[in-house]
Each structure stands twice: as structure tokens, then as C-alpha cells.
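Enquirer: Attaching a single structure in C-alpha cells format; questions to follow.
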Amino acid sequence: ENRERLSVCSKLCYAVGGAPYQITGCALGFFLQIYLLDVAQLDPFYASIILFVGRAWDAITDPMVGFFISKTSWTRVGRLMPWIIFSTPFAVTAYILIWFVPDISRGQVMWYLIFYCLFQTLVTCFHVPYSALTMFISREQSERDSATAYRMTVEVLGSVLGTAIQGQIVGKVDTPCVESPLFISKPNSSVAMEELNMTHDTGSLTDTRNAYMIAAGVIGGLYILCAIILSLGVREKRESSQLRSAEPVSFFQGLKLVMNHGAYIKLIAGFLFTSLAFMLLEGNFALFCTYTLGFRNEFQNILLAIMLSATLTIPFWQWFLTHFGKKTAVYVGISSAIPFLILVAVLSSNLIVTYIVAVAAGISVAAAFLLPWSMLPDVIDDFKLQHPDSHGHEAIFFSFYVFFTKFASGVSLGISTLSLDFAGYQTRGCSQPSEVNTTLKMLVSAVPVGLILLGLLLFKLYPIDEEKRKKNKKALQDLREESNSSSDSDNTELASIV
């Protein structure tokens, strides 16, 4: 047991590896929509296509990468670590190019679509093996849970960094807007809008574009630094995950086994909708603060308040799930967001109230960050007890969980941006029609609340409570001890022990 314990340094190095995905993901999630609409000045219809296709492609690449990882041979540095090391420089390059406005009259849509999809592919080559690495750092469930808590704390801190870097650098520059409502109803509205746009300070828009590029460069540098710390500070242990058994089952056979595992499907079903609620809120919150609440120069600070609150409450949720169980933590943590989501849409625009709601909502965001990744290893342990002769499927578990979440997120963000187009969203407008404000209220309040309630209802079917988890832990330890002491025992004997 002492041999399996991880040092604080190892846990910290492992945790730092989770920051790049969250830093870039948070910056893209909160700012890409408003960047495409008001800085790159794309039509909302094309912006919705970019957001949907990018997220949908991102979802497809997760199982693809999971498949290729399962076929990867072990190297001197492990099976997962080479993916993390070699994808990093290419991912950083693609990320920076997402925030560059090319000087071309046509082809801007293809530019953003290509580099957004390319970055999603490369960051998947980092994140899927990193997520699966949880099962290869230790065989002790308590050590994996502890490392996961370190990871979630650093990931939420990464979200804070992503929000702070992107928001504070971009927020220092005033993005020029167009006073359009007077011209919207007139026949020559497009001509009038263009004339008004020409009289505006175009230099200010150039400054905004430069600010986005500076923020992308800083975030890219942090991405590389975190990858270096992870690769130097974590040792991938081949023996930590698998029992001695026959040859590994093929990917598609393993996929069939995984998808037939009831606990996994029920966990996915529950967290699919709750994760979707927070992603929908994330994608539209900048527009909601800017136009509906009227806090054009404050929204980056409101986002920062949410993420700081989430960071500070991660240790509390780790303590809570340890003492009251993970399933109880799901109900208490995620449902606590509901009253605040309702409050922010119902109350009139008030900056102090908005900050209070932001801090309170961050507490629930912390639970949504921690719990899925803390519970997936429990499902994998449950799977191993039912299939002791099948191993090497950790990447499948993690990649398909991310696949379903991202694909649903892509659909929701595409539809939400398209709905803004139907409501009459005005690119670079200083204000928006009432229909747009009503749509934004629905997207950050009513729809997320409905998704959270549906997710919690489905989560009641999840079978691994605290008692079941402890039984699985003991049974798995007995199975490993038997496997280590009887290296010549066959799969039939292992099955009979279970």
C-alpha cells in the first residue's frame, strides 16, 4: 500500500496537466461566440455553423483518438505520454491561428472552421490520453481520488486563468459598436449601417484584434509549460491498471462491452444533460452580460468571479463526497445552481446582485467540474469486476463520455447561435432588439434549469452508491492480490473468484 502512494509532487505534476484543456476550453467557450460575431464580424448563421461543426468534430475525434491509443504500443515513457508530448506544439499553433483575423475578403468562414477543427483534434490527442492516465498512476482508489481532486482544483484554476487572461487583456480595449436600432426598420438600413460603421473608429477594432492575439500567445505559452511539467513529473505505470489475464480484447469488442455496461450508460445519461446545461450557459454568458444586463465593460470580471468561487470550493466538494458519498454530492452540488440561474434572469439589471449570484453559481460549477471525473474510475472498477479477463479499455470509457457531452454541446451551441440570428442579432450593435434579449435569457436560465432537472432525474438510475463502491473496492483488491500471488492461474479461476 505504501508503494502505491503518490507523493504530493507527483499529484501536483499530474494535476497541472489538466490545465491546458481548461484554459483553452474556457477561453473558447466564453469568448469565441462573441469574437466571431463582433470582432471577426461573421454573420450569425456562419458563426453557428463554425461552433456546431467544431464541437461535433471535436466529439468525433474523441473515440477516434481512443481507438488509436488502444492500438498504441508501450514505449519507454509509456503508452499515453507520447500522444501528450507530440501533439502540444501543433495544438498551440492552431489555437493561436483561431484568434487571428485573416486579411481576406472571402474564405474567413473556412479559415475559422479549419483551424477550430484542427485545434480540437490536437487538443483531443492531449486530453483523452491525459484523462485515461488517471488509471495508470496508481492502483489505489483513494490515491486516484486524491489525484483527481488535485486535478480538478488545478483545472478550475486553469479556467480562472483562461477567463482572467482572455477577459482582462481583451477587456482593456473598447470594441467599437454600432448604434443600429434607428436604422433597423428602414429600407436602406444596410446602407445606413455601413455608413455609420465607416465613421466609427476602425483603429479601435484593430486594437481589439491585437488584444485577442496577445491573449492567445500567453495562453499558448502556458499550454506548453504545463505539458512539460506533466511529462517530466509523472510516471505512467503499466501494471497499475490491468490484472494478469489473456490477450487484450479488440477495440470494437471492448466498445461493445463498455456500451453494454449499465452503470456507465446511466452515468453518461445523468451527466450529459447537467454538463450540457453549464456549457450552454458558458457559451452565451458573455453576450448575456454585454447586451441583456448591459455590463459591456464588466462581463469579464463577472466571469472571473464565477471561476474564482469555483476554485475555492473544490476542496469543500472533495470533503463532502468523501463524507456523504458521490451520489449525494451530485444532487446537492448541481441542484444548488437552479435558484441562482432563475434569479439572474428574473431580477432587473443590478451589478451588485449579479456579482453575488456569480459567486454563488461558482459553488455549483465546482461540483459539476469535480464529480464526473471522480465517478468515472468507480465505473471502470465496477467493469473490471464483471469482466476480469478484459483490460485496456480506459481510453474508451473516457473518450466516449467526452464524445457524447461534446456532440450534444455542439448541437446546442449551434442552435443557440442560430436562434440569435432568427431573433435579429445585430453584429457589433451597441444594443440588441428585445427579441434577442429574451432569447439570451432563455439560453442562460430556463433551458439550463430544465436540463439540470432532467439530468438529476436520470441520475437516480445510477447504481453505484457509497456502499456499492466500497464493496467493489474490496473485491478488486482481493482479485489483484490473487492475481499477483498466482501468476499461472487462468481466466476461469479469476472469474470464479469474482
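Just so you know, all these numbers are worked out from the coordinates, no wet-lab data involved. Not measured: the values here are computed from a predicted model. Ideal geometry is used to build each Cβ from the backbone, glycine not excepted, and the neighbour counts take in all protein chains shown.
Enquirer: Output the relative contact order of region 249-484, whole-number percent, from Cα pairs under 8 angstrom with separation of 6+ residues.
Expert: So the answer I get is 40 percent.
Enquirer: Counting helices only, and only those DSSP H runs with n ≥ 4, report the 222 nm mean residue ellipticity of the chain as the sum of -39,500 (n - 2.57) divided by its residues, in deg cm²/dmol to the nearest 500.
Expert: When only DSSP H runs of four or more count, the value is -25500 deg cm²/dmol.
Enquirer: Please tell me the relative contact order of the chain in percent, rounded to the nearest whole number, where contacts are Cα pairs under 8 Å and at least six residues apart.
Expert: Reported relative contact order: 28 percent.
Enquirer: Something else: By how many nm would the segment from residue 322 to residue 237 grow when fully extended, if each residue of separation counts as 0.36 nm and the alpha-carbon distance is taken off?
Expert: Answer, rounded to one decimal: 28.0 nm.
Enquirer: Could you calculate the contour length gain from residue 296 to residue 466, that is, 0.36 nm times the residue separation minus the distance between their Cα atoms, to one decimal place in nm?
Expert: Between residue 296 and residue 466, full extension yields an extra 56.6 nm.
Enquirer: Ok, one more. Among 367, 74, 171, which residue has its Cα positioned farthest towards the positive end of the charge dipole of the chain, with +1 placed on the Cβ of Lys and Arg, -1 on the Cβ of Asp and Glu, and the dipole taken about the Cα centre?
Expert: Towards the positive end, the residue furthest out is 74.
Enquirer: Right, something else. State the extension gain, in nm to one decimal, for the chain segment bounded by residue 103 and residue 453, taking 0.36 nm per residue of separation less the distance between their alpha-carbons.
Expert: Length difference between fully extended and current span is 121.4 nm.
Enquirer: If you don't mind, another one. Using only the alpha-carbon atoms, how far is helix 81-98 inclined from the longest principal axis of the chain? Give it as 0 to 90 degrees, nearest 10.
Expert: Taking Cα atoms only, the helix is inclined about 10 degrees.
Enquirer: A follow-up question, please. Can you give the charge dipole size of the chain about its Cα centre, rounded to the nearest 20 debye, using +1 on the beta carbon of Lys and Arg and -1 on the beta carbon of Asp and Glu?
Expert: The calculated dipole for the chain is roughly 580 debye.
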